[in-house]
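Structure first, commentary second.
The values are calculated or read from the model by the stated rules, or taken from the named source; none is laboratory data. In this text the structure is predicted, and so the values were computed from the model without any measurement. Glycine gets a Cβ as well: all are built from the backbone with ideal geometry, and neighbour counts include every protein chain shown. SASA here: full protein model, heavy atoms, side chains in, ligands and nucleic acids out. Shrake-Rupley method; radii C 1.70, N 1.55, O 1.52, S 1.80 Å.
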Amino acid sequence: MKSVKKAATLRESKAPSLLKQLAGVPDKLFSGSFRQQYAALCFRRNADGKSVEIVVVTTRDSGRWVIPKGWPMKKKKPHEAAAIEAWEEAGVRGDVRKKPVGRYTYLKLLDDGNVVPCVVDVFQIEVTEMREHFKEKGERHIAWVSPDEAARRVREIELKSLLVEFQPKRSKPRKSVSD
C-alpha cells in the first residue's frame, strides 16, 4: 500500500500534467466525446434513523478520495455496474436504486497518458452487507463519513454538491445485486 507522502507526491506530479494536456486539447471538452462511467453512492442510516453516513474510498493511483465508480460492463445495466464497483472497491452490497440520483463530470487521466472528460451517473445503494475481504482490499482506504465530510474529501465540484444535498430516495422495486 502506498504511503500518504508517496500518494501526495503522485497527486502533485500528475496535476500539472493533466492541466497541461487539457490546455493542449481543448476540443476534447467541446467535441461531445465524453465517456460514460457509473458510480455508487453507498450509505447507511445512523442510529437516529434521520442522518446517514456515506462510503468514500481512495483511488489506487493518487490516493484522492472518491466514491466507487467504473466503466460500463457488458451485459450489465448501469445500476448493476455501480453495485459491482461498490463491492469490488469498498466491500459493500445493498439495495440499489435503478434510477440515478445525480451525475457529475470530471477529467480522467488514462493509463496511456491521455485525458478524457467523463460523465458519471450516480446510483444510491443502501448498504445491507459489509465484508472484510473483497477484491481491492489493501489497495484503497475506505471511510464511513457524514455527507458534509464526504463532500470535503472529494475533489469534483459537482460531486461535492451531490453529496452535501444527498437525501436517500425510496425506490419501489428495490433490487439487491450480488455476484
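Below is a table of values for the structure above.
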| read-out | value |
| --- | --- |
| Matching residues in region 86-110 - criterion: being among the acidic types (Asp, Glu) and either open to solvent by 20 Å² or more (accessible area, probe 1.4 Å) or part of a strand (DSSP E or B) (or both) | 88, 95 |
| Residue in region 143-155 that is out of contact with any Gly (no Cβ under 8 Å at 6 or more places or on another chain), at pLDDT below 95, in a loop (DSSP other than H, G, I, E, B) and under 26 Å from residue 99 (Cβ atoms) present | yes |
| Given (1) out of contact with any strand residue (DSSP E or B) (no Cβ under 7 Å at 6 or more places or on another chain); (2) at pLDDT below 95, index of the condition residue 99 fails | (2) |
| Of all residues in region 122-141 being hydrophobic (A, V, I, L, M, F, W, C) and modelled with pLDDT of 95 or more, the one that is farthest from residue 101 (Cα to Cα) | 127 |
| Tally, over region 118-142, of residues that are open to solvent by less than 40 Å² (accessible area, probe 1.4 Å) and in contact with a Ser or Thr (Cβ under 6 Å, 6 or more places away or on another chain) | 2 |
| Extreme residue, modelled with the lowest pLDDT, among residues of region 59-72 that are within 19 Å of residue 84 (Cα to Cα) and open to solvent by 10 Å² or more (accessible area, probe 1.4 Å) | 60 |
